[in-house]
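Every read-out reported here was derived from the displayed coordinates using simple, explicitly stated rules and does not represent laboratory data. Quantities reported herein were computed from a predicted structural model and do not represent experimental measurements. In this analysis, Cβ positions are derived from the backbone assuming ideal geometry, glycine residues included, and neighbour counts consider all displayed protein chains.
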Amino acid sequence: MKKNFIYLILFALAVITAAEMIGFQSVMVGSFSIGLLPLVFAIIITMVLGLNLFRKGFWKKVYSKENVDFAGKYLIFIMLPLMARYGADVAPKFGEILQIGWVFIAQEVGNLGTVLLGLPVALLLGLRREAIGATLGIGREGELAYISEKYTLDSDEGRGVLSLYIIGTLFGTIFFSIFAPLLLHFGFSIEALAMASGMGSGSMMSASSASLVAQVPEMESTILAYASASQLLTSFLGTFTMVFLAAPLQQLMYRLFVRGDKHAKHAA
Amino acid sequence: MQNMLRNSYIKYGLIILLSLGLILFTQFIKHLKNPDSMAVTGMTLAGLIVLWVFSMIGILISEKLKSSPVTFIREFPVLGWVSITSLVMCLISDFFVQAIQAVDFLSITTPILTFAGISVANRLVDLKNTSWKVAIVAVFVFSGTYIGSTLMAQIGLMLAGR
């Protein structure tokens, strides 16, 4: 612990200060203006400085093995205050949420979009069994556990889900910080986007809901309440959606597409 | 000190304390930069204490249920238990809602993403082993779940007359 750990804390304080001083920045994506929050700058700064290229001298102490391991192992505990905060966001709107509870349940089914949109693209790119692992869900711990149990991680399916896990860990929050407000420009309602933010990953949910709040600050309480209620529901239902809906749908579509593929080759 | 850290609850308690300290720092800096943002008040401190207590209760529930015979309960994430604890307590007393809401939401997110960024530092090299194809697929997978859920929610809200 000790000395390097102090560096980690000081480094975190410095990154937070830098990110907050950059503050809220609007950038243009195509013809749409997207607000980037300090959290996006915080993750970009820490990732860039963590590149091996920079890890010399002082940075090597900050990004020491113990410090990086600490951040990874206890990230979940560092996130707990955020989860506790969500209770206060949901509570005042609890009645309203229960009234439209079925909408929350219905949008869970929307998580099948990973298979519906991802699988055809994966197959078109020439992926086969890897596509099973890479499109079952957003590749968080739930899918990782399911795939490793069913196929082991040292299989094509396993490599698919691991790759998605790594990409999601690295770029998921940045992706949703841009993607969520982008959809707002396509006419979707802020309530619907807020519900969709609860997709099963705590950091991705914070990034997308926070970016929505930045776009429509007057709706902050509704956005946070809907996003966290939906996130909580996903932690209850996510496994069931994956095992009983996503996995069978995926197998069906896989067989359909891959067989069609062979027919096409025969015809040619 | 070393002996104390062997007790996992004390360790968790200190880590959450660290997290709350960083949140307080962030809210302070944010207010310096933008005086319109939420200031640190006595209520903020009360809110931070409440967040600490709810987090610890959630951890306690999660640890105690690790020996539950039901797989689903055993594997239910600690993040979920903390949210449930907080939700129940906030439904019981409005004081908790007031206190917690004096903690600026965005100030909670910046420290978390700082640690998230540090935690992935050693994973960057793993990118070499992932194919560009999965990277493209990832864009569609992430878009897919988000668009899918948004569409279902949008249709549902329309049917519910909202």
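For the pair B:Leu65 and B:Leu14, what calculated FRET efficiency results from E = 1/(1 + (r/R0)^6), where r is the Cβ-Cβ distance and R0 = 25 Å, to the nearest 0.05? Working from the Cβ atoms, E equals 0.65.
Over all other residues within a Cβ to Cβ distance under 14 Å of B:Leu91, the charged ones net out to -2, with Lys and Arg as +1 and Asp and Glu as -1. Rg/Rh for the stretch A:1-78 (Cα atoms only, Rh after Kirkwood) is 1.06. Taking every residue in B:46-53 and counting other chain Cβ atoms within 10 Å of its Cβ, the average works out to 3. Report the relative contact order of chain B, percent, no decimals, based on alpha-carbon pairs under 8 angstrom and at least 6 residues apart. Averaging sequence separation for qualifying contacts and normalising by length gives 25 percent for chain B.
On a per residue basis, the convex hull of the C-alpha atoms belonging to the protein assembly as shown measures out at 160 Å³. Taking the Cα centre of the stretch A:172-268 as origin and assigning +1 to Lys and Arg Cβ atoms and -1 to Asp and Glu Cβ atoms, the resulting dipole is close to 700 debye.
Taking square-rooted eigenvalues a ≥ b ≥ c of the alpha carbon gyration tensor, is the stretch A:37-192 rounded, prolate or oblate, where a/c under 1.5 means rounded and, failing that, a/b exceeding b/c means prolate? Since a/c reaches 1.5 but b/c is at least a/b, the shape of the stretch A:37-192 is classed as oblate.
In the stretch A:2-74, Cα pairs under 8 Å separated by at least six residues give a relative contact order of 35 percent. Each label point was placed 7 Å from the Cα along the Cα-to-Cβ direction; for B:Val88 and B:Leu159 their separation is 3.2 nm.
Please report, in cubic angstrom per residue, the volume enclosed by the convex hull of the alpha-carbon atoms of the stretch A:107-262. For the stretch A:107-262, the hull spanned by Cα atoms encloses 104 Å³ per residue. Applying 1/(1 + (r/R0)^6) with r as the Cβ-Cβ distance of A:Arg128 and A:Phe244 and R0 = 25 angstrom yields a FRET efficiency of 0.55.
Rounded to the nearest 20 debye, the dipole size of chain B about its Cα centre is 440 debye, using +1 on the Cβ of Lys and Arg and -1 on the Cβ of Asp and Glu. Positive contributions from Lys and Arg (+1) and negative ones from Asp and Glu (-1), summed over other residues with Cβ under 15 Å from the Cβ of B:Ser19, come out at +2. Taking every full run of DSSP H in chain A, the ones that stretch at least 24 Å from end to end by Cα along their long axis and average -1.0 or higher on the Kyte-Doolittle scale are A:3-22, A:65-90, A:156-184, A:220-240, A:247-267.
The alpha carbon centroids of the stretch B:109-129 and the stretch A:63-129 are separated by 17 Å.
The Cα center of the stretch B:1-69 and the Cα center of the stretch A:166-181 differ in position by 25 Å. Summing charges over neighbours of A:Gly238, with a neighbour being any other residue whose Cβ is under 12 Å away from its Cβ, gives -3 when K and R count +1 and D and E count -1. Most tightly packed first, judged by the mean number of other beta-carbon atoms within 10 Å of their residues, the peptides A:234-243, A:192-201, A:176-185 read A:192-201, A:176-185, A:234-243.
Going by a ≥ b ≥ c, the root eigenvalues of the Cα gyration tensor, does the stretch A:1-41 fall in the rounded group (a/c under 1.5), the prolate group (a/b larger than b/c) or the oblate group? The shape class here is prolate.
With a 10 Å cut-off around each Cβ of A:101-108, the average count of Cβ atoms from other chains is 5.
Taking the Kirkwood radius as Rh and the Cα radius of gyration as Rg, the stretch A:65-152 has a ratio of Rg/Rh equal to 1.11.
The mean count of C-beta atoms from other chains within 10 Å of the C-beta of residues in B:84-96, rounded to a whole number, is 5. Membrane-span-like helices of chain B, defined as complete DSSP H segments with a Cα extent of 24 Å or more along the helix axis and a mean Kyte hydropathy of at least 1.0, are identified as B:8-33, B:42-64, B:132-159.
Per residue, the convex hull spanned by the alpha carbons of chain B comes to 234 Å³. Distant-in-sequence amide contacts of A:Leu36, defined by a placed amide H-H separation under 5 Å and a gap of 5 or more residues or a different chain, comprise A:Gln25, A:Ser26, A:Val27.
Among the listed pairs A:Lys65/B:Lys11; B:Lys30/B:Lys128; B:Lys11/B:Lys66; A:Lys73/B:Lys64; A:Lys65/B:Lys30; A:Lys56/B:Lys11, a Cα-Cα separation exceeding 28 Å is found for B:Lys30/B:Lys128; A:Lys65/B:Lys30; A:Lys56/B:Lys11.
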